[in-house]
Amino acid sequence: MSQARDIRRRPDLCGKKDGRSTRDPNRLSTGARPATPGLRAEGNRGRRGLQICLGTVAAIPLCSGTAGMVVGPSALPGQSGQVSATLDSEYRFVNAFWLAAAPVVWSTLPQVERHSRVLQLVLGTAFVGGIGRLVSLRKAGRPHPTMLAALGIELVAVPGLLAWQAAVAKAARKQHPWGGD
C-alpha cells in the first residue's frame with residue numbers, strides 16, 4: 001500500500017473521523033509537495049517568507065565578501081588612503097569567511113526547518129561580528145553610516161531571523177517529531 005493511502009486512512013492526519021478522505025493532507029494547493037514530506041502549508045509559520053528573507057539577506061555577505069577579497073580595504077565606504085600590507089592581508093582573509101556564509105545559508109533553504117544548527121552557527125557568527133562592531137564604535141568612534149546599518153542588521157535582524165527559523169522548525173516538529181538536525 002502506498003504511503004499516500006496510509007495517510008488517508010489515518011483520521012488524525014486527514015481530518016475525517018472515518019478516515020476515508022481521498023484528499024492527501026500533505027499536498028499543497030498547487031499539487032506540489034513541500035520540501036519536508038508532510039509539512040502542511042498552513043502549519044509552516046511563515047516558512048516561505050523565511051526562505052525568501054534568508055536568501056535575500058545572504059546576498060549581503062556574498063557581495064561584500066567578494067568585494068573585500070577582490071578590492072581589499074578600499075572597498076569599505078569612507079575608506080581613503082593606503083593601509084598596511086598586514087591589514088590588507090587580514091582584511092581579504094577575513095572576507096573569505098563572510099563570502100562563504102552565503103552559500104552555507106542558501107544550502108539550508110530547501111529544508112530551512114531542518115537546519116537550525118547550521119543557521120544558528122552562521123547567523124550567530126554574524127551576531128558576534130556585530131558585537132565586535134559595537135566594541136569598535138565605542139573604542140574608535142562612529143563609522144560610516146553603511147557600517148551602522150550593518151550593525152543594526154547584525155544585532156537586531158539576525159536574532160529576529162533566528163527566532164523566526166526556530167518558530168518554523170517548531171511548527172515542523174509538531175507535524176513530524178523526528179525532523180531536525
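Could you please find all residues in the range 99-121 being under 20 Å from Ser64 (Cα atoms) and either among the hydrophobic types (A, V, I, L, M, F, W, C) or surrounded by 17 or more Cβ atoms within 10 Å (Cβ to Cβ) (or both)?
At the first step, the residues of the range 99-121 found to be under 20 Å from Ser64 (Cα atoms) are 99-107, 119, 121.
Leu99, Ala100, Ala101, Ala102, Val104, Val105, Trp106, Leu119, Leu121 - these are the residues of the range 99-121 that are under 20 Å from Ser64 (Cα atoms) and either among the hydrophobic types (A, V, I, L, M, F, W, C) or surrounded by 17 or more Cβ atoms within 10 Å (Cβ to Cβ) (or both).
Yes/no matrix, rows are residues, columns are (1) of a type outside the set (S, T, N, Q); (2) more than 18 Å from Cys53 (Cβ to Cβ):
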site: Ser136; (1), (2): no, yes
site: Lys139; (1), (2): yes, yes
site: Pro143; (1), (2): yes, yes
site: Leu148; (1), (2): yes, yes
site: Leu151; (1), (2): yes, yes
site: Ala157; (1), (2): yes, no
site: Leu162; (1), (2): yes, no
site: Ala167; (1), (2): yes, no
site: Ala172; (1), (2): yes, no
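Being at pLDDT below 95 and under 28 Å from Gly49 (Cα atoms): is that true of Gly180 here? Working first, answer last.
Numbers: at pLDDT below 95: yes; under 28 Å from Gly49 (Cα atoms): yes.
Yes: the conditions hold for Gly180.
Could we say that Ala96 is surrounded by fewer than 12 Cβ atoms within 10 Å (Cβ to Cβ) and either in contact (Cβ under 8 Å) with a residue 24 or more places away in the chain or within 24 Å of the chain's Cα centre (by Cα) (or both) here?
no
Which numbered condition in (1) surrounded by 13 or more Cβ atoms within 10 Å (Cβ to Cβ); (2) outside any helix (DSSP H, G or I) is the only one that Gly81 fails?
(1)
I need the full set of residues from the range 57-75 which are surrounded by 16 or more Cβ atoms within 10 Å (Cβ to Cβ), among the hydroxyl-bearing types (Ser, Thr, Tyr) and farther than 16 Å from Ala149 by Cβ, in order please.
Matches in the range 57-75: Thr66 only.
Between Leu62, Leu28, which is out of contact with any Asp or Glu (no Cβ under 6 Å at 6 or more places or on another chain), of a type in the set (A, V, I, L, M, F, W, C) and modelled with pLDDT under 95? Can you show your working first?
On the way: Leu62 fails: modelled with pLDDT under 95.
Only one candidate passes the filter, namely Leu28.
The values are calculated or read from the model by the stated rules, or taken from the named source; none is laboratory data. These numbers come from a predicted model, not from an experiment. Here Cβ is always computed from backbone atoms with ideal geometry, including for glycine, and neighbour counts include all displayed protein chains.
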